[in-house]
1. Could you tell me how many degrees, from 0 to 90 and to the nearest 10, lie between the Cα long axis of helix 68-79 and the main elongation axis, the longest principal axis, of the Cα atoms of the chain?
2. Could you work out the helix-only [θ] at 222 nm for the chain, with each DSSP H run of four or more residues adding -39,500 (n - 2.57) and the total divided by the number of residues, to the nearest 500 deg cm²/dmol?
3. Please find the FRET efficiency linking GLN14 to SER79, where r is the Cβ-Cβ separation and R0 is fixed at 30 Å, and quote it to the nearest 0.05.
Amino acid sequence: MQEISASAAAELLQDNPDTTVLLDVREPAELETAAVSSAVHIPMGDIPTRLEELDRGKTIVCMCHLGGRSAQVAAYLESQGFPEVINMAGGIEAWAATVDSGVGKAD
């Protein structure tokens, strides 16, 4: 599985907005503390029943709080035939620290 930093993910999203999706797999309560407004939000546990909401033709960058859950989701998506899936190392914490401190910090 591919993995990139938060700053590299932000650059990828900026350079390829039509072909890249930031998938936030955290729970709704976590989004209240810190969220990226452009992200698609599907909680980790809902991914298997909501696969049709994801475009297989796009690069999917998975993120969570620190990167563990998103790595599991990225591996699952790859096993389901998604061709371009990337885990964002460090999750929302890394995003807040290196990309946009305005998103807040998760607890």
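The numbers here are math on the coordinates, done by the rules we state, and not lab data. All values derive from a computational prediction rather than experimental measurement. A quick note on method: Cβ atoms are made from the backbone with ideal geometry, for glycine too, and the neighbour counts reach across all protein chains shown.
1. 20
2. My calculation for the chain gives -9500 deg cm²/dmol from helical runs alone.
3. 0.55
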